[in-house]
Structure formats: structure tokens, C-alpha cells
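The values are calculated or read from the model by the stated rules, or taken from the named source; none is laboratory data. Keep in mind the model is a prediction, meaning the values are calculated, not measured. No Cβ is skipped: glycine too gets one built from the backbone with ideal geometry, and neighbour counts run over all protein chains shown.
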Amino acid sequence: MKKNVLSLSITAALVGLGFSGGAQAIVAIPLGTATALQLSTDGVGHFLYVPYYSAQSNNNTMINLVNTDTTNGKAVKVRFRGASNSDDVFDFQVFLSPGDVWTASVSKNAAGLASLHTTDNSCTKPNKATLNSTPFVTARLDTARRTGDALANETREGYVEIFNMADIPPGTPLFTAIKHVNSVPPCTGAAWTALDTDPADLTAALADGLNFPTTGLMADWIILNVVNAGAWSQRAVAISANDATRTPAKGNLVYFPQTAGAFNGLISNYTADPVLNAHPSMAAMYDTPDMSIPYLSNGSTLPVNQVSALSGAIATNNIYNEFLTDSATNSTTDWVLSMPTRRYSVAMDYKASGGSARVYSTLPTQYFNSTNTAVIDGQVCVLGITPQQWDREENTPQNPSQVIISPNVPGSPSATCGEANVMSVNNGNTASVSGLIIDPSGTLQATVARSDQENGYAAGWISLATPGLGNGLPILGYAALRATAGVSTFGATWEHKTNRIQK
């Protein structure tokens, strides 16, 4: 959207940040009513995270996105980010009519790249044919360090951001464009086309059919491996934008065109992404909005405040889960450790000298900085995640410091690398050739940001202490189990249990 009008909803306080241009009307723009971001226990919210997707081996990741709002449509941003450093590898928009469901799957194509496929009729920008014919994009990845299949491999694992940019109320031209008629929406008309350019002002945007976003999104995902007879599934993690009574409320309206034109404005007003802020010329219109776009009306109008609120909603001091690596059942266990807000605090700057520099954002409540991160093989790693293990009979290693997450920083045995790390339990150390791990994890076949936890027990549980900088760490995930019983193979998914800081 034209940043000299600050389209639609970012608050008047941005004027005080040096914002200039024809934006005098900004002081009259009404705001949303949400003042806090909180983890949704019922799985429905404004923001959704799929902690991990995989197109490795014969894995196929399927996502069902649902609009539980039976009155309003939703303009939804979907962004896939890579497991190494959460670089954007595929993003687009989905327009859900009331009660609508959008479905898609991600698998590896013939060139080794992750590729999305959907047969769903819901409106998207770009259209379904373009989504289906365009593999995941490597332009934002570390192309100097990774080439060939090692580069394509970086697209095959990661996590997914999903959030409501705007409601689309009935009786508006845009609602007509996205509303199913005999199971098929038109996806045409002047209001639909107008989404590719900026509304002249808030009044025009509201007239077209964009309104302040409410709750109502939920999603479920499945990682299915037909060849190896395994399936793992859960609901997406939901975060709700609430008012002071912890009731879901309206966020700021944050719709931006899904176009490739250069970003027109001061990008730091709209994102905390430290790479885009370090290199504003990189920013395109499709980069906005991201999860750091100011969404609340409590005076937290800076992107770093949004990130702090998001991180606080999922920060934890501990993660607990079980494992089963019994040879009698040929069982394997992988833990997914996904840190989906870390990108907005620390990121790899591939344009910097040597391509291994970290760039940072400073948050009101800090979770990552130079003291608790390091770089290993081009990936940002978090230090200080300390494991403790037990078997099922209360036994624990006599020297816990010898039980490490690997690969590791010499002298610091608890480095967890990558943005969506898959920690394989008792599955051997990783081996790599030319930057491509050739020893995949046991259950999910992960290779991009893979680590190991070795304790020698056939079964038990693990506690990971995640103190961070004293504020905990924003981590999501689960344990994925694969086992065989006779001729049958089965998979199970155990959500991580945590000591969440926000109550």
C-alpha cells in the first residue's frame, strides 16, 4: 500500500517516528480494539503457526485452513519460511469466505524444490494456477554458501506463518468477489482488481470491503509419508489479539498488495525484520505485512513491540516431552523445536562481508542477542538450551554435561541451530557433504537443521531448560514418533509440554 498514505490502519503514533508525506488524515484513522497478543487455548485466533513443514524424502505436508467466522470473509497472509534462518521461500494470500476451508499440500518436485499444490476453489493472490506452477523460491536463501541440491534442500523444511490481515464484511464489493456461488467464488470484479493497488484512503478501503481483522482462523496439518507408512498431525498454534478482558478483539487493518514492486516507504515502520531494515532496497510489497506488523492499539505501534508481544505469548522456561527409541519396535523419535519469532530479533545477513554476519533488532523484552546466539555453518544457533534426561525407571545420566545437542559450538555444548530444528533422539551424529546433511533424522527425515540428543535410554522423557536471556525462549513444537509392531507401522505426535511464562 502507498506508504505516503499509511494505508488503512497503522496508528497515528507513527507520525512521531519521522513519518512524512500526505498522511495528515492519519490522526483520524480509527484503530482496532485489541491491546494484547495471547496464546489461544482453543486453537482459534488471529495468528496461526504451523511449527514445521517437510517435503523431505517422501514426506507430504498437508494444511487445512478454516474460517470459523460464518459472517465475515478473511484476507489471510500465508508465508513459508526456511528451517535454517527463516528466510521467505514462498508467500501468497488466501481469501476465505464465511465458513470456508482452503487446503493445500507441499511436496518435493522433480528438481528437488518444495512445491505447493492446491485444488481448492477459494480465491488466492496470485491465482491457483500460478501457485501450482511455481516452486518454492531460493532468491532469499544463502546462494553463495548453498548450491545445487543443497540449495533446493533449504526449501524442503521450515515453518508457516498464517494471519488475518483484514475482515471482509458482507454487503461489500470484495465480499461478492470472494463469496462462493455454487461452490465457486468469482474472484473477479473491480474490488478484486483494486487489491493490487492502494486504496486512496481508509474510506475507499472500507467501501471496497476491507475492514479491521477479527479472530476466527484455525488450521490443522499432517505430515504424511506413504512410502514409510508414517503420519504425524496436530492443530496449528493459534494466537489471539485480545482486549483488556482477554476477549478476542479487532486488530489494526494491515492489508498490503501481493505485488513485486519496490516497497514505497520507510520499511522500518512496518517490519522488525533486521535484514530488510539493513537493506531497505530489498523490500518488495509482498514482504508486508509480516508477523511484526503493528497490530495492536495499546500504543505499541513499533514493529519491535509487536514482536515482543508475540514472543511473550509463546515464551517458555522449559520444554518437556517423551521419547521412544526401542530397538524391539524399531522406534525413532524426533523433536521439533521451532522458534518462529526469532527472525525478527536476529537474522543472517548474506549481503554482509563473508555472508555470515548477524543483524539484530532490539525488543522491549529481549529474547535473542549476540550473547546467546552463534553461527555454525551459516545457521543462527541459540546457546544455553540445557537438556536433562530420564528413563522410565528414574535413571538419569551421571554426567549430564556429556549429553549434548549436536552439532555444537566448542566449549558450549547446548547450541540449537536453525529456526525450525529437528532434534533426533538416540539416532547418531549427523554427517554432511558440501553443506548437505546426508544422515537424516529417524522419524521426519530432517536434514536442514538437524541435531541429536544422545542418552542411551530406550525410552523416557527429556526436559530442556530454555532460560534465554532471563525471559525464556519463544519455542513451539512436538515430538514425532515412528514405530513398527509386527507388519504394521504407526506414527504418533506428542505436543510439547511447557512452562509458559505468559498466563
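In table form, for the structure just shown:
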quantity	calculated
Only one of A415, A420 that is modelled with pLDDT of 95 or more, farther than 20 Å from S331 by Cα and either out of contact with any Pro (no Cβ under 7 Å at 6 or more places or on another chain) or of a type outside the set (S, T, Y) (or both)	A420
The stretch 60-91, residues that are surrounded by fewer than 20 Cβ atoms within 10 Å (Cβ to Cβ) and of a type outside the set (V, I, T)	N60, M62, N64, D91
Some residue of the stretch 339-346 being charged (D, E, K, R), touching a Pro at 6+ places or on another chain (Cβ under 9 Å) and over 19 Å from M423 (Cα atoms)	yes
Residue in the stretch 306-322 that is over 15 Å from the mean Cα position of the chain (by Cα), in a loop (DSSP other than H, G, I, E, B) and more than 22 Å from N471 (Cα to Cα) present	no
Index of the failed condition, V50 passing every other in (1) modelled with pLDDT of 95 or more; (2) surrounded by fewer than 16 Cβ atoms within 10 Å (Cβ to Cβ)	(2)
Strands (runs of 3 or more DSSP E) fully within the stretch 438-492 counting 1 or more residues that are small (G, A, S) and modelled with pLDDT of 95 or more	459-465, 476-485
Unmet criterion (only one of (1) at pLDDT below 95; (2) surrounded by fewer than 24 Cβ atoms within 10 Å (Cβ to Cβ)) for N321	(1)
Scan of the stretch 338-364 for residues that are in contact with a strand residue (DSSP E or B) (Cβ under 9 Å, 6 or more places away or on another chain), modelled with pLDDT under 95 and polar (S, T, N, Q), ordered by number	S356
Pair list, Cβ < 8 Å and 6+ apart or interchain, from the stretch 179-208 residues that are modelled with pLDDT under 80 to residues that are among the hydrophobic types (A, V, I, L, M, F, W, C) and not in a loop (DSSP other than H, G, I, E, B)	P199/A205; D201/A25; L202/A25
Single condition D349 does not satisfy, out of (1) within 20 Å of the chain's Cα centre (by Cα); (2) buried (at least 20 other Cβ atoms within 10 Å of the Cβ)	(2)
Residue in the stretch 277-297 that is of a type in the set (F, W, Y) and not assigned by TED's automatic domain parsing to the domain that holds Q258 present	no
Subset of the stretch 243-273 [among the polar types (S, T, N, Q), out of contact with any helix residue (DSSP H, G or I) (no Cβ under 7 Å at 6 or more places or on another chain) and either buried (at least 20 other Cβ atoms within 10 Å of the Cβ) or assigned to a strand (DSSP E or B) (or both)]	N252
Selection count where residues are free of Cβ contacts under 8 Å to residues at least 24 places away in the same chain and crowded, with 18+ Cβ neighbours inside 10 Å, scope the stretch 129-175	1
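Yes/no per residue for (1) surrounded by 21 or more Cβ atoms within 10 Å (Cβ to Cβ); (2) in a loop (DSSP other than H, G, I, E, B):
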position	(1), (2)
A191	no, no
A204	no, no
A207	no, no
T215	yes, yes
D220	no, no
N228	no, yes
S233	no, no
A241	yes, no
